[in-house]
Amino acid sequence: MNDVDTVMELQKIDNTPKMLIIYCTLAGLISALIISGLLEVIDFASGTPSGTFFAVIGLSLGFNDPASAQYIGYGLHILTGTVAGNIFGQIALFWRKLIPHNMKRGVSLGLMLGISLWAVLFAPLATFGIQPKLDTFMITEANTYAHSIANHFAGLYYFVLGASLLFHLVYGVVFGLLAGRMTGVRLTMRNLIDARIKVN
């Protein structure tokens, strides 16, 4: 695809800004759901209780009930991935170089999104929010559930940080594939419609 074709396709996106935001939001939601599923698989494979990762998020926010902590953590994880996709779509409308007009471009932009989420959101939150809470849970046994979760993650901070980068990259790839595909299909349909109009 040459520069002229790219410019023409981006101009066509101008006519449907809401669709780009919808595509990116939907891609963010689906990507977050897939990553959440992978985290559950890891819990199962490692023999840890289901929802352990999500429970850590909930516990860090002060939800000490096991079920509540898991559901809150899960909900926030899905919401974050969805909102990230929505924000990306909105920014792409203003900074046109971020529009994922095909799958290849979508993947490269998605990887940038995944790394940005990890560096700006997860790493600081894990370092200054979650890890200090886990350390606190380690030295107190007032909440046996929180204490057992903290023991499970004891000494795994750097491993979790590295593994989370990998998960954010997977999120980015899935997001890029989906957003690029949906946007590309939309552009192809518009091209076909425009071609028919010209013929007629």
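The values are calculated or read from the model by the stated rules, or taken from the named source; none is laboratory data. Here the structure is a predicted model, which is why all the values come from computation and not from measurement. Cβ atoms come from the backbone with ideal geometry, glycine included; neighbour counts cover every protein chain shown. Note: accessible area is taken over every heavy atom of the protein model, side chains too, but ligands, DNA and RNA are not part of it. Shrake-Rupley method; radii C 1.70, N 1.55, O 1.52, S 1.80 Å.
Summary of computed values
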| quantity | calculated |
| --- | --- |
| Probe 1.4 Å, accessible area per residue of region 19-103, Å² | 48 |
| Accessible area in square angstrom per residue, region 116-155, 1.4 angstrom probe | 58 |
| Protection-proxy order for peptides 100-109, 126-135, each taking the mean of Cβ atoms within 10 Å per residue, highest first | 100-109, 126-135 |
| Check: region 18-116 dipole with +1 on Lys, Arg Cβ and -1 on Asp, Glu Cβ, in debye | 720 |
| Gain on full stretching of the segment that runs from Leu93 to Tyr158 - 0.36 nm per residue minus C-alpha separation | 19.7 nm |
| Region 12-129: relative contact order as a whole-number percent, Cα under 8 Å and 6+ apart | 29 |
| Whole-percent carbon and sulfur share, accessible surface of region 14-121, 1.4 Å | 74 |
| Inter-label distance for Thr140 and Leu165, nm, one decimal - labels placed 7 Å from Cα along Cα-to-Cβ | 3.3 |
| Distance (nanometres) between label positions extended 7 Å along Cα→Cβ at Leu38 and Ser116 | 2.0 |
